[in-house]
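Report on one structure; see the data block that follows.
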Amino acid sequence: MRPLRLEVRGLTAFRETAVVDFADLDLFAIAGPTGSGKSSLLDAMTYALYGRVDRVGNQVSQLISQGQPSLAVVLEFEVGGSRFRVARTTTAGRGATKVLLQAFVDGAWRAAGEGADRVRDVQEKVQEIVGLDYEAFTRSVLLPQGKFAEFLAGDARERRNILTELLDLGLFREVAVRAGEVARDAGREAEVREELLEREYGHATEEALAGARAAATAAAAREAALDEAGDAVAGLRRRFDASSRAAGDLVALAEEARDLAARMGEAAREGANLAREAEARAAARTRLRE
């Protein structure tokens, strides 16, 4: 985040409107006697962005210049080549705050999306634009008086989180978390598969494998012998069927022979009868001639 222009009115020492132009400055120092408003300029920036000031928290109305009805700050800044402007006002008494966040688009200032005039929505949008929340911003970009030592000597986890946000290392943290999840899932799957292998194939030793191969060889030999026996049985069945058909034919021929023999016997009896009748007739004719 690069400040471009700061306008302050009614904030502590700045009773009247004061403007600070940072646009052409790359490196600068704020100098002046005590009470001249050096820290107030930094307070004005954090107030414009986050609506808070470290020394009073959310009670910003305490910083209104004596006798003034309100304080107002306008901060123009740049992030990643895009320009933004946030204007914030707090009135005395109830401490009501108004805010407006704008973006410089196509040569004009326009409201920065839905909720650009609502305090809570602007808080979220500024945090998204700057990439830091209030705590990280005041501990890394604009350190309030006496806070630098606190940052250096503070909680290691908090410093790590601030630096992660400041250097945009969140992606690597997410990758690390995801890698850890994948590793845990892979570990659990490996354990399940190992248990399955142990349960189903724990007996598969070298001796068991050799025995299984021998049994497979014997089974193949038995299968070949059964195939040969099957072929032999099939041949016998064919021969049996042929013999059965031949036996049936012989039975039929025997029955025909019996029928023929019976008919021949009848014919022979009839022939004998005819012969006897012929003999009788011949004898009768002989007697008649005598």
- Message: Could you put Met1, Met45 in order of accessible surface area, largest first, with the 1.4 Å probe and the full protein assembly present?
- Response: Met1, Met45
- Query: How much FRET efficiency would the formula 1/(1 + (r/R0)^6) give for Ala176 and Glu124, where r is the Cβ-Cβ distance and R0 is 22 Å, rounded to 0.05?
  - Reply: 0.25
- Item | GluC sites (Glu not before Pro) within region 173-236, DSSP loop, no more than 14 other Cβ atoms inside 10 Å | none
- Task: Over the chain, give the accessible area per residue in Å² for a 1.4 Å probe, as an integer.
- Result: 70
- Sum of side-chain charges, Ala48 neighbourhood, beta-carbon under 10 Å (Lys, Arg +1; Asp, Glu -1): -1
- In nm, the gap between the two label points placed 7 Å beyond Cα toward Cβ at Asp155 and Ala108 is 4.8
- Note on the structure: Simple SL model, points at 7 angstrom along Cα→Cβ for Arg276 and Ala23; separation in nm is 16.3
- Task: Could you calculate the contour length gain from Leu196 to Thr89, that is, 0.36 nm times the residue separation minus the distance between their Cα atoms, to one decimal place in nm?
- Result: 31.7 nm
- Tell me, how many Å apart are the Cα centres for region 240-281 and for region 1-56? 145
- Note on the structure: Whole-Hz Karplus couplings 3J(HN,Hα) for region 14-22, θ = phi - 60° and coefficients 6.51, -1.76, 1.60, Gly and Pro as x, run 9, 5, 9, 5, 10, 10, 10, 9, 9
- Query: If packing is taken as the mean number of other Cβ atoms within 10 Å per residue, what is the order of 13-25, 80-92, highest first?
  - Reply: 80-92, 13-25
- Which of these values of log10 I(q)/I(0) by the Debye sum over Cα atoms at q = 0.08 Å⁻¹ was calculated from the structure shown: (i) -0.33; (ii) -0.63; (iii) -0.28? (ii)
- What does the charge count near Asp117 come to, summing +1 for each Lys or Arg and -1 for each Asp or Glu among other residues with Cβ under 14 Å from its Cβ? +4
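The values are calculated or read from the model by the stated rules, or taken from the named source; none is laboratory data. This structure is a prediction, so every number in the text was calculated from the model and none was measured. Here the Cβ is made from the backbone with ideal geometry for all residues, glycine too, and neighbour counts use every protein chain on show. The accessibility values were calculated without ligands, DNA or RNA, using every heavy atom of the protein model including side chains. Shrake-Rupley method; radii C 1.70, N 1.55, O 1.52, S 1.80 Å.
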